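In what follows, a structure is listed as structure tokens, so that the remarks can point back to it.
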Amino acid sequence: MSIAATPGAGGLVTARKAGELRDMGLDVDPRKVGVRAALQHLAKAVNIAFQTDYGENYLESVYQAAIVRRGEVQIIHREYFGFGDSWFGQFGRLIRSMGLTMEGPDPASPEGQAWIREKGPSSIRGIFNLINRKLDLTAEYEDRVPAYVEQMFDRLEGSGIIVGWNRDDWEIATTRIGLDIRITPRSAEAG
């Protein structure tokens, strides 16, 4: 038995019709739908996750949106949204990154933002933290980001928004400046 979504309409009411999101079934298997379609579906799924809290981790508080550019999904950090890929854009990211460093330790991460809100800005602590992070003496937020992204895709697949998710098909990394996330297919035969 089912309930019609509109008067006079018949048929099964899916969760997508009722909830507007579930069972979208965006296929992200690059061998099945091709790399281009899989990338588009991943970007759509990320944007849905950011707007509906499907990620359920620190990603939503730090990242703005996902786009497909140059054969990869790029998830843009909120602090660097709007900077282009040109030399000037990269220089702008560097200046913004140094400005954030002067605010305190790991200022682009949720933990760093909370620390700065609680204790106030601290340029010296920010510089020491930067040195420790770059020398791998202190764990960085960006080291955990790939695992957070994989968890988000696991949840999206569990909810039926995406299908065909396999961690082995994708390489997930962050950029050196700006902490944007890059998702690329691992193998050339995937599409």
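The values are calculated or read from the model by the stated rules, or taken from the named source; none is laboratory data. Given the structure is predicted, the values throughout are model-derived calculations rather than measurements. Glycine also receives a Cβ, built like all others from the backbone with ideal geometry; neighbour counts cover every protein chain displayed. Side chains are part of the model used for accessible areas, which takes the heavy atoms of the whole protein and leaves out ligands, DNA and RNA. Shrake-Rupley method; radii C 1.70, N 1.55, O 1.52, S 1.80 Å.
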Checking Gly11, Gly55 in turn, the sole residue that is farther than 17 Å from Ile183 by Cα and either open to solvent by less than 70 Å² (accessible area, probe 1.4 Å) or at pLDDT 90 or above (or both) turns out to be Gly11
Here is a list of conditions, (1) touching a helix residue (DSSP H, G or I) at 6+ places or on another chain (Cβ under 8 Å); (2) at pLDDT 85 or above; (3) over 21 Å from Gln51 (Cβ atoms), and Asn166 meets all of them except one; can you say which number that is?
-> (1)
How many residues are under 24 Å from Asn132 (Cα atoms), surrounded by fewer than 20 Cβ atoms within 10 Å (Cβ to Cβ) and within 21 Å of the chain's Cα centre (by Cα) when one looks only at the range 80-91?
-> 1
When you go through Val46, Val73, Val62 one by one, which is the residue that is in contact with a His (Cβ under 8 Å, 6 or more places away or on another chain), open to solvent by less than 70 Å² (accessible area, probe 1.4 Å) and among the β-branched types (Val, Ile, Thr)?
-> Val62
Pick from the range 22-52, criterion among the hydrophobic types (A, V, I, L, M, F, W, C) and more than 12 Å from the chain's Cα centre (by Cα), ranking: modelled with the lowest pLDDT | Met24
Over the range 82-99, the set of residues part of a helix (DSSP H, G or I) and not small (Gly, Ala, Ser) is Trp87, Phe88, Gln90, Phe91, Arg93, Leu94, Ile95, Arg96, Met98
Any idea which of Ala147, Ala114 is open to solvent by less than 60 Å² (accessible area, probe 1.4 Å), in a helix (DSSP H, G or I), under 30 Å from Leu26 (Cα atoms) and modelled with pLDDT under 90?
-> Ala147
Is it true that some residue in the range 104-111 is more than 16 Å from the chain's Cα centre (by Cα), farther than 18 Å from Ala173 by Cα and surrounded by fewer than 20 Cβ atoms within 10 Å (Cβ to Cβ)?
-> yes
Somewhere in the range 25-44, is a residue over 19 Å from Arg182 (Cβ atoms) and touching a Pro at 6+ places or on another chain (Cβ under 9 Å)?
-> no
